[in-house]
Structures are given as C-alpha cells and as structure tokens.
Amino acid sequence: MLDVKEYPPNTPFVFKNNITVTGEVSKDEKKRLETELYNYWDDSLKVNAILKFGIRTVIKNPYVFDSANINRSITFMNSYLNTQGYYNAEITPAPVIIDTVGDELRTTVQMDIDVKKNLKIDSITYDSLATPGLQQLTEENKKESLLTRGKPFTKATISGELDRLVSLYRKNGYYKFTRENIYAEVDTTNVSLLELTLDPFEQARRIAEAESKRRANPTINVVIKQRSTPDSNAFAKYYVGKIYYYPETRITDVPDSLIRTTFPLVDTAREFTLKQKVRDIKMRPLREHTYLKEGVLYDEQSYFKTVNAFSQMGPWNQVDIRTINRKDLRRFAGTDSVSTDSTNILDFHFFLTPAPKYSFGYDLEVSRNSGSIITGNLLGVTNVVTLRNRNVWKQAIQSATNLRAGVELGFSDTLLQTFQTSVSQTYSIPRFLTPWRIRGVKQLDDYKTVVNFNASYTDRRNFFRLRSAVASWGYEWKKKNHVWLYRPLNVELYSLDTLQGLREAFVSNPFLRTAFNTGYVVSQNLTYSITFPNKNRPNIINNFRISGEEAGGLLGRFPGLRDKIYQYLKVEAEFRQLRSWTKTAFAYRFFGGIGINYGDTSTAIGKSLPFFKQFVAGGPYSMRAWGIRQLGLGSSLRSDTSTTFRDRFGDIQLEMNFEYRFPITAIGGVKINSALFADIGNIWNLKNVVENPENSKITLSRFYRDIAVGAGTGLRFDFNYFLVRFDFAYKVKDPARTRNNGWMSIRDFEWRNREHEVMDGNGRSLKRNNFSFQLGIGMPF
C-alpha cells in the first residue's frame with residue numbers, strides 16, 4: 001500500500017527510483033552494489049518515503065522531477081563504483097516513465113548499470129620502503145596483508161592496508177610514524193607498451209591487444225612507498241621510559257604545569273612514580289594496569305590498553321596523557337665510555353581526573369524478568385536503591401550495595417501475588433586474588449575479582465516463603481571480544497516454608513514435591529560469551545553464550561551431607577543474531593538448557609533440580625503467548641487443570657524466537673516502533689520418576705506434539721535511554737490443546753481454550769486464554 005501526500009498537482013514528481021546492476025559479478029555483490037548505489041542518487045531524485053505499521057508506505061512532499069539531475073546522479077554513482085574497483089562501468093538512464101493518477105504525475109527513474117569486471121590486483125610490492133626497519137617489519141608480517149593477488153581492487157582495501165601498516169609500525173616503536181608517511185602507488189600500464197619499436201604497425205597492434213586484455217581482465221599493480229619528510233624522527237624507533245601518575249588532577253589543571261609542580265607525597269617503584277597531595281590511591285592498581293614497560297619498544301596497542309584500563313577502572317572519569325621525548329646516550333657494557341649514538345626515550349605522564357567517590361542511584365523497574373522465580377516479576381514493580389563506592393580501601397575497588405523491594409501483581413481476586421525483597425553487596429577488585437601468581441594477565445584487556453553477597457526473602461502468597469543467603473567468589477576477564485566469568489566457589493543456603501496452597505498442590509501434582517525441598521547449593525560455574533560481526537556483512541551482529549554449573553561434586557559425597565547438598569550439572573547455550581537495515585531489522589535467538597540431578601534418588605533432593613535452578617518459560621522475555629511460568633511441562637495437562645498452583649519448572653528447555661522490527665512514527669522525540677514475532681519452544685522433565693505428570697518427560701516420539709508456537713505483534717516506545725514494550729501474542733500451537741494436535745483452528749477460532757475447564761473453590765470457572773498481553777522493559781532479546 002502506497003500513499004502520496006502534499007504533492008505538486010499536475011507536475012511530474014519523483015515517485016520511484018530503481019537501480020539494476022549487471023555484469024560479471026556474484027549475486028550477493030550485485031545486491032550489495034544496488035543497495036549502496038541508492039545512497040548516490042542526487043538528493044532531488046530520492047523518494048521521501050516513510051514506512052508506517054510495517055506495511056503502509058507514505059510519500060510526503062515529493063521532489064519535483066528535473067531531468068538535469070540524472071547526470072549528477074551518474075557522476076556520483078560512477079565515483080562510488082571507482083572506489084569499489086569498477087573503472088569500466090557503463091551507466092545508462094532508462095527512459096523516464098510517468099504514470100498519471102488523477103492530478104498526480106508519478107515519475108519513475110531507472111538506472112541500468114553494467115559494472116563489467118572488477119579491477120583485480122596483479123601484484124603487490126613493498127620494496128620501495130626506504131627505512132630498513134620498516135621494510136623488515138613489512139616482510140615479516142606479509143601474511144596479514146589485506147592485498148592479495150587476483151582479489152578485487154578497491155580504494156577501501158588500499159586504505160585498510162595502509163592503516164594496517166601504520167598500526168604495525170606504531171606497535172613496534174615508530175611512535176611518530178603517521179599515515180602521511182606512507183602511500184600506495186597504483187599502475188595499470190602494460191609493460192610491453194614501454195618496449196621501443198620502430199614499427200608503427202607493431203606498436204598499434206600492441207596497443208590494441210593491451211586494450212583488449214585490459215577490458216577482458218582488468219588488472220592493477222600496487223606499490224607501497226614511503227613518503228620523504230623533513231622530520232627524521234618519523235622513521236626513528238622510540239623506547240618506553242619513566243611513567244608518572246597524577247591521580248588528583250582537576251579538570252581545570254594544566255597538565256604541563258603539574259609536571260613542574262613539587263608534590264608532598266611521591267611514591268616510586270622501579271619506573272613508576274605516583275604524585276599526590278593527599279594519599280587517596282595506592283600505586284598497585286595503577287601499576288598492575290599499566291601495559292607499558294621501561295626499556296621496551298613503544299607499542300601503541302599497549303598505550304591504548306593502559307588508557308582504557310584507567311578509564312574503566314572506576315575512580316576516574318577522565319584520563320589525559322602527555323609524552324615527553326628525551327635522548328639517552330648508550331653506554332658500552334663494562335665501561336664508562338659513552339656512544340655518540342642516542343636512543344629516543346618516551347616518558348609518560350598520566351593525568352587522572354577523579355570521579356565522585358560515592359554515588360547514589362534509584363531505579364524503578366517494571367515487569368523486569370530474568371526467567372527466575374526469585375528475581376523475575378511479571379506486571380510488577382520493583383524499587384532499586386544503589387550506593388556505589390568507587391575507591392574502597394584506596395585500591396580502586398568498586399563497591400555496589402543494592403536494596404531491592406518489589407511486588408508481583410496478578411489479575412485474580414488477590415491483586416498482590418508475590419512480595420520480594422533483597423539486599424546485595426558486590427566488590428569488584430581490579431586484579432586476580434589467588435593463592436598463586438597467574439602469568440599472562442598482561443595479555444588480557446581487562447581482568448578482575450568479583451565477590452558477591454546476597455540475602456533475599458520471597459513471599460508467594462498462600463504458597464511458600466523462601467529465604468536465601470548467597471555468597472560467591474569469582475574471576476572475570478576479557479580479551480578482545482571474548483568474555484569469561486568463572487566462579488570457583490558459589491554457596492547458596494535456602495530455607496523454604498510450604499504454605500497451605502502449595503501443600504494442596506502437592507496432592508494433585510506430586511512432582512512439585514521433588515522440586516520444592518530445602519537444600520543447599522555449593523557449586524562452581526563458568527560462562528563464556530562472544531559478540532562478533534559478520535565479516536562480509538557488517539550489518540549482521542552475532543552473540544554466542546554458553547555456561548555450565550556443577551554442584552555437590554565433592555561435599556555431596558559425604559553421607560552426612562547427601563540429603564542436604566544438591567548434586568547436579570546444568571548447561572545452557574544461547575545464540576542471537578541481529579540483521580539491521582536502514583529502517584528495519586530482523587533478530588532471532590536459539591536457546592537450549594539442560595540440568596541433570598545425579599544425586600541419590602532415594603533422598604528428597606535427588607530426583608530433580610531445585611525449583612530455583614530449574615527452567616521456566618513464558619512472560620515478556622520468553623514465550624510471549626503464555627504468562628510467566630505458565631507453559632509446560634511438555635504436553636502435560638496437570639498444571640493447566642490445577643485449581644491452585646499452576647507454576648511449572650523443568651529440567652530441559654528449548655526455545656527459538658524470531659522478530660521482524662520496523663518503525664511506525666515519532667511523537668515528541670519518542671520513537672514508536674513495532675514488531676512481528678514468533679516464539680517456539682517448551683520445557684520438559686528429564687528423569688522418568690513416578691511423580692512425573694503424564695507426558696511431561698521429553699521423548700522423541702512426542703517432541704512435535706509437545707512443541708508450543710506463539711505469534712504476535714506489539715508496540716515499542718523508545719525514549720532513547722530506555723524502551724517500554726507492549727506485546728500481544730496468540731497461542732498458534734498449544735500443547736495443552738488436545739484438538740487438532742494442538743494447532744489453532746481458523747474455522748473454530750476462539751479467544752479462550754474451553755477444554756478441561758475446572759472450577760475453583762468458589763465454584764467459578766478458571767479461564768485458560770489463548771492469548772496474552774505482555775509488558776516489558778527493553779528488547780526481549
């Protein structure tokens with residue numbers, strides 16, 4: 001559907017423009033060029049189109065068509081194609097088409113582009129580098145070159161290769177080397193044309209052959225050259241010298257003046273010097289996160305790692321650096337003789353502007369659910385008060401104290417369903433605290449020790465009261481886009497009071513008793529995650545996460561603790577991808593998790609995972625056609641027909657989510673977007689114990705029957721700093737729907753599932769809706 005508004009009546013206006021690319025290039029390359037070339041239409045030939053509701057396009061205030069602007073577009077497009085290595089492209093404007101609709105003269109502009117063949121690289125030469133050190137570095141790292149013989153030539157590739165070389169040189173001591181000191185010379189001349197011949201016919205033949213070969217297989221020679229400069233230090237090596245820290249620098253201070261200032265407190269250790277007026281910080285965290293080392297060649301990568309480490313450490317909100325160059329005469333070993341040769345030394349002065357030591361924050365969270373019974377809340381409100389200390393014990397240790405209090409609201413007779421409160425204390429220590437020294441930490445981009453304490457209380461009205469105390473000790477480190485988190489010690493103590501509603505649920509659903517038991521968790525867990533773009537398509541971003549937890553492997557072996565310590569293995573993995581285009585995006589997510597209780601099945605806690613470690617489905621961040629914890633287990637009807645406790649917890653979860661996102665409009669700076677989505681998945685039990693509800697265990701024969709499918713749409717209100725999301729979803733395939741193998745029926749469409757209706761204690765029918773409304777904060781994934 002397409003509408004035109006505020007158009008010039010009876011005057012040709014730009015209604016549509018098309019680009020068709022042909023030539024000896026791949027299908028993906030044609031599509032890429034057509035997409036990119038759209039940006040090179042002259043502005044007056046672009047279509048002012050706005051997509052509304054994902055299906056309706058509106059053209060507002062279209063440009064008056066002027067044929068003179070076609071030639072400008074051809075110039076822009078040809079220039080772009082040259083940068084991509086297409087120097088023989090033929091751009092032909094097709095005859096303009098004008099359709100008359102009432103008083104609208106809708107003009108379509110078509111550009112047919114034959115890109116021919118892409119210019120290929122025939123040879124790459126680095127022999128023209130005048131400085132021997134640069135030449136040697138280049139040869140040693142030739143395998144990393146972005147230029148490959150036979151590959152397409154583009155200006156972007158040449159530019160990337162020059163940037164690579166500059167970075168390589170600056171990582172190996174050439175501190176003053178810049179992009180201005182190097183360039184690429186390209187040549188398409190056929191060498192045979194340079195050979196002298198007195199026969200004009202022979203010369204003409206060679207020219208014709210060269211032209212024919214150039215058009216059939218256009219190639220180019222690339223020579224990397226060094227540009228001369230009056231500054232001889234541009235090609236000189238520099239070494240790291242002394243390192244100075246100024247941790248009390250005010251934003252109004254002049255760094256050059258501070259260098260000459262005498263400080264009352266000066267601490268020196270090897271090449272490091274700490275200058276302070278008041279002893280607010282110790283040298284150790286600064287020294288341990290300094291990646292520059294005296295006497296070593298200057299490395300730009302180590303320089304930036306140091307700056308980033310100080311910026312992310314917490315106590316400072318700004319880092320400024322001054323380098324001072326000095327000459328150091330070389331001494332001959334074992335003598336007092338001094339060489340006439342001198343070494344370039346760089347002394348580094350780090351000026352650190354402190355952030356406020358203490359900060360206080362308040363957050364109001366609405367329906368923030370992480371898929372856990374303890375921290376999740378659906379259509380609820382949570383108040384969070386945070387106190388931060390950015391420099392504990394003068395060691396740059398980050399401290400965060402959180403107080404949380406929230407309620408979970410329902411739509412039954414009782415509005416208040418759950419009350420939750422917790423207090424937590426977290427310390428982030430900028431080094432590894434271990435009994436032994438760990439080598440290689442300087443190779444990491446960031447590393448820290450994380451200590452956490454948490455106490456919480458959950459009151460699920462009429463069902464249970466849960467008290468917990470959790471303490472963990474772990475290590476977090478990062479290298480490039482790889483992030484690891486390892487907790488070698490995680491202790492969780494729980495106390496559970498079962499109330500009347502849950503005790504009644506035990507009678508109708510005995511399986512719940514296997515999960516709702518009081519036990520302790522002593523575990524270790526490891527999480528790895530990586531975020532990476534697609535190499536060929538930068539608009540595609542991927543994220544992969546995998547984590548594993550092992551509990552009770554040691555303490556659970558002792559007979560006296562066998563019925564108190566949970567013993568289980570739990571593994572989960574998740575893959576997410578986001579494909580972004582100019583206005584729209586497509587995102588999808590795959591999730592799988594499994595937990596295995598390997599404890600003694602004769603004990604109360606040996607039959608399944610504890611309920612606070614089990615998987616749940618439904619809610620605004622999972623299967624959105626179901627409420628939180630209201631899907632599963634498998635195709636069991638036990639919970640759906642329960643008159644009391646309907647929450648479900650499983651040992652296995654499989655889930656897929658797909659979402660197409662598009663804009664609608666903007667009102668007062670608030671972007672209003674929408675999405676079409678589908679969710680597929682379920683949760684199951686793993687062990688075949690007698691207490692299991694029927695059809696709750698995962699089996700291959702019932703897998704298709706057990707899969708749930710939901711689909712829907714929603715509105716997203718983007719306030720830039722946070723996003724509010726309203727989603728509506730319908731149960732396309734419900735495992736609890738016995739008719740039609742669980743699939744919805746278009747002929748007998750219903751908003752409610754009236755199968756197996758049960759009455760509550762007051763004699764009223766309990767509703768089982770085929771749809772669900774969800775309120776969430778942020779994107780679902």
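Does Gly619 count as modelled with pLDDT under 80 and crowded, with 21+ Cβ neighbours inside 10 Å? Against the criterion (modelled with pLDDT under 80 and crowded, with 21+ Cβ neighbours inside 10 Å), Gly619 does not qualify. Just wondering, is there one or more residues in region 454-463 that are in contact (Cβ under 8 Å) with a residue 12 or more places away in the chain and either touching an Asp or Glu at 6+ places or on another chain (Cβ under 8 Å) or over 30 Å from Phe506 (Cβ atoms) (or both)? No, region 454-463 contains no residue that is in contact (Cβ under 8 Å) with a residue 12 or more places away in the chain and either touching an Asp or Glu at 6+ places or on another chain (Cβ under 8 Å) or over 30 Å from Phe506 (Cβ atoms) (or both). When the residues of region 5-20 are filtered to those that are among the polar types (S, T, N, Q) and more than 46 Å from the chain's Cα centre (by Cα), the one that is surrounded by the fewest Cβ atoms within 10 Å (Cβ to Cβ) is Asn10. Taking region 600-616 as the search range and keeping residues that are among the aliphatic types (A, V, I, L, M) and open to solvent by less than 50 Å² (accessible area, probe 1.4 Å), which one is nearest to Arg661 (Cα to Cα)? Going through the qualifying residues, I end up with Val616. Of the residues making up region 138-159, those that are surrounded by 13 or more Cβ atoms within 10 Å (Cβ to Cβ) and not hydroxyl-bearing (Ser, Thr, Tyr) number 8. Would you call Ala130 of a type in the set (Gly, Ala, Ser), in contact (Cβ under 8 Å) with a residue 12 or more places away in the chain and under 29 Å from Pro12 (Cα atoms)? It is false that Ala130 is of a type in the set (Gly, Ala, Ser), in contact (Cβ under 8 Å) with a residue 12 or more places away in the chain and under 29 Å from Pro12 (Cα atoms).
Contact map, region 75-87: first residue modelled with pLDDT of 90 or more, second residue in a helix (DSSP H, G or I), Cβ cut-off under 6 Å, separation 6 or more or different chains; pairs are Phe76/Tyr40; Met77/Leu37; Met77/Tyr40; Tyr80/Tyr40. Scanning region 160-179 for residues that are open to solvent by less than 40 Å² (accessible area, probe 1.4 Å) and either touching a Gly at 6+ places or on another chain (Cβ under 8 Å) or outside any helix (DSSP H, G or I) (or both) gives Gly173, Tyr174, Phe177. The number of residues in region 109-158 that are assigned to a strand (DSSP E or B) and polar (S, T, N, Q) comes to 4.
Results for (1) under 20 Å from Glu572 (Cβ atoms); (2) of a type in the set (A, V, I, L, M); (3) at pLDDT 90 or above, shown as yes or no for each residue.
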{"position": "Phe615", "(1), (2), (3)": "yes, no, yes"}
{"position": "Gln630", "(1), (2), (3)": "no, no, no"}
{"position": "Ser639", "(1), (2), (3)": "no, no, no"}
{"position": "Phe658", "(1), (2), (3)": "yes, no, yes"}
{"position": "Phe662", "(1), (2), (3)": "no, no, yes"}
{"position": "Gly668", "(1), (2), (3)": "no, no, no"}
{"position": "Leu676", "(1), (2), (3)": "no, yes, yes"}
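Does any residue of region 67-76 turn out to be under 42 Å from the mean Cα position of the chain (by Cα), β-branched (Val, Ile, Thr) and part of a strand (DSSP E or B)? No, because not a single residue in region 67-76 is under 42 Å from the mean Cα position of the chain (by Cα), β-branched (Val, Ile, Thr) and part of a strand (DSSP E or B). Of all residues in region 241-265, those that are free of Cβ contacts under 8 Å to residues at least 40 places away in the same chain and either within 23 Å of Asp299 (Cα to Cα) or part of a helix (DSSP H, G or I) (or both) total 2. Applying the criterion of being open to solvent by less than 30 Å² (accessible area, probe 1.4 Å) and part of a loop (DSSP other than H, G, I, E, B) to the residues of region 287-330, the residue that is nearest to Gln443 (Cα to Cα) is Tyr291.
Of all residue pairs spaced 6 or more apart or on separate chains, those with beta-carbon atoms under 6 Å, a first member in region 494-510 that is of a type in the set (Phe, Trp, Tyr) and a second member that is modelled with pLDDT of 85 or more and open to solvent by less than 60 Å² (accessible area, probe 1.4 Å) are Tyr494/Ser468. In region 84-108, the qualifying residues are those that are touching an Asp or Glu at 6+ places or on another chain (Cβ under 6 Å) and either open to solvent by 30 Å² or more (accessible area, probe 1.4 Å) or assigned to a strand (DSSP E or B) (or both), and the one that is nearest to Ala68 (Cα to Cα) is Thr92.
Inspect region 706-715 for any residue being modelled with pLDDT of 90 or more and hydroxyl-bearing (Ser, Thr, Tyr) and give the result as yes or no. Within region 706-715, one or more residues are modelled with pLDDT of 90 or more and hydroxyl-bearing (Ser, Thr, Tyr). Can you name every residue in region 693-723 that is open to solvent by 20 Å² or more (accessible area, probe 1.4 Å), assigned to a loop (DSSP other than H, G, I, E, B) and not charged (D, E, K, R)? Asn695, Ile698, Thr699, Leu700, Ser701, Ile707, Phe719, Asn720, Tyr721, Phe722 - these are the residues of region 693-723 that are open to solvent by 20 Å² or more (accessible area, probe 1.4 Å), assigned to a loop (DSSP other than H, G, I, E, B) and not charged (D, E, K, R). Looking for something part of a strand (DSSP E or B), modelled with pLDDT of 90 or more and closer than 17 Å to Val385 by Cβ - is there at least one such residue anywhere in region 429-445? Taking every residue of region 429-445 in turn, none turns out to be part of a strand (DSSP E or B), modelled with pLDDT of 90 or more and closer than 17 Å to Val385 by Cβ.
Within the span defined as region 109-120, one or more residues are more than 30 Å from Gly150 (Cα to Cα), open to solvent by less than 30 Å² (accessible area, probe 1.4 Å) and modelled with pLDDT of 90 or more. Within region 736-752, residues that are under 13 Å from Phe771 (Cα atoms) have Cβ atoms under 7 Å from residues that are open to solvent by 70 Å² or more (accessible area, probe 1.4 Å) and modelled with pLDDT under 90 in these pairs: Arg752/Lys767, counting only partners at least 6 apart in sequence or on another chain.
The values are calculated or read from the model by the stated rules, or taken from the named source; none is laboratory data. Please read all numbers here as calculations on a predicted model, not as lab measurements. We place every Cβ from the backbone using ideal geometry, glycine too, and count neighbours over all the protein chains shown. Surface accessibility is based on the protein's heavy atoms, side chains included, excluding ligands, DNA and RNA. Shrake-Rupley method; radii C 1.70, N 1.55, O 1.52, S 1.80 Å.
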